[in-house]
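Remarks on the structure that follows.
The values are calculated or read from the model by the stated rules, or taken from the named source; none is laboratory data. The shown structure was predicted, so the numbers you read here are calculated from the model rather than taken from an experiment. Here the Cβ positions follow ideal geometry from the backbone for every residue, glycine too, while neighbour counts run over all protein chains shown.
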Amino acid sequence: MVSGSIRILVDADACPVKDEVYKVAFRREVPVRVVSNARMRVPSHPLIERVLVSDKFDAADDWIAVEADAKTVVITGDILLADRCLKSGATVIGHNGKPFTSASIGGAIATRAIMADLRAGGDAIGGPGPFAKTDRSRFLQALDEALVRLGRA
């Protein structure tokens with residue numbers, strides 16, 4: 001991959017939209033690095049690179065956070081990783097297509113902490129709703145828009 005060019009980094013271990021990432025990347029001719037702790041199948045294509053990191057806790061997150069910059073779109077559902085990447089200037093999109101922004105990340109971190117406290121206290125709380133077709137559609141649109149925006153910058 002050419003340094004300084006637009007690219008996509010995928011926090012892949014629990015990512016439900018990898019196929020959608022490939023679809024947009026192929027159309028836009030943007031390189032993708034699929035980062036995971038476990039070996040997984042990725043398309044055999046010059047734009048796709050699998051990055052296998054150690055199984056150490058947060059190894060994939062650490063790798064992505066170091067690599068993220070202003071020309072990177074990071075795909076993750078991890079709020080703390082999103083925060084780290086935003087601080088590096090990256091564009092960050094959740095699996096449901098909702099962007100993480102500097103304006104929204106503080107609230108997301110606070111909500112995460114509250115939910116963790118409630119779970120630790122034994123409260124039965126529901127998790128996120130099931131991944132829906134609308135989430136997939138919103139994700140495709142958000143990724144496409146982010147790449148267009150970065151291409152203009």
Working only within the stretch 1-28, note down all residues that are among the basic types (Lys, Arg) and surrounded by 13 or more Cβ atoms within 10 Å (Cβ to Cβ).
ARG7, LYS18, LYS23, ARG28
If the Cβ limit is 7 Å and pairs must be 6+ apart or interchain, which residue in the stretch 57-77 that is within 15 Å of PHE100 (Cα to Cα) and in a loop (DSSP other than H, G, I, E, B) pairs with which residue that is acidic (Asp, Glu) and modelled with pLDDT under 95?
none
Within the stretch 29-49, the count of residues that are of a type outside the set (S, T, N, Q) and surrounded by fewer than 16 Cβ atoms within 10 Å (Cβ to Cβ) comes to 9
Hits in the stretch 60-85 - residues which are hydrophobic (A, V, I, L, M, F, W, C) and more than 20 Å from LYS18 (Cβ to Cβ)
VAL66, ALA70, LEU80
Residue by residue through the stretch 1-17, note down the ones that are closer than 17 Å to ASP61 by Cα and either without any contact (Cβ under 8 Å) to a residue 24 or more places away in the chain or assigned to a strand (DSSP E or B) (or both).
ARG7, ILE8, LEU9, VAL10, ASP11
Selection from the stretch 94-153 of residues modelled with pLDDT of 80 or more, assigned to a loop (DSSP other than H, G, I, E, B) and not β-branched (Val, Ile, Thr) yields GLY94, HIS95, ASN96, GLY97, LYS98, SER102, SER104, ALA132
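Which of the residues belonging to the stretch 33-56 are in a strand (DSSP E or B) and either touching a strand residue (DSSP E or B) at 6+ places or on another chain (Cβ under 6 Å) or modelled with pLDDT under 95 (or both)?
Those that are in a strand (DSSP E or B) and either touching a strand residue (DSSP E or B) at 6+ places or on another chain (Cβ under 6 Å) or modelled with pLDDT under 95 (or both): ARG33, VAL34, VAL35, ILE48, GLU49, ARG50, VAL51.
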Given (1) within 23 Å of LYS87 (Cα to Cα); (2) among the basic types (Lys, Arg); (3) assigned to a helix (DSSP H, G or I), where does ARG27 come up short, assuming only one miss?
(1)
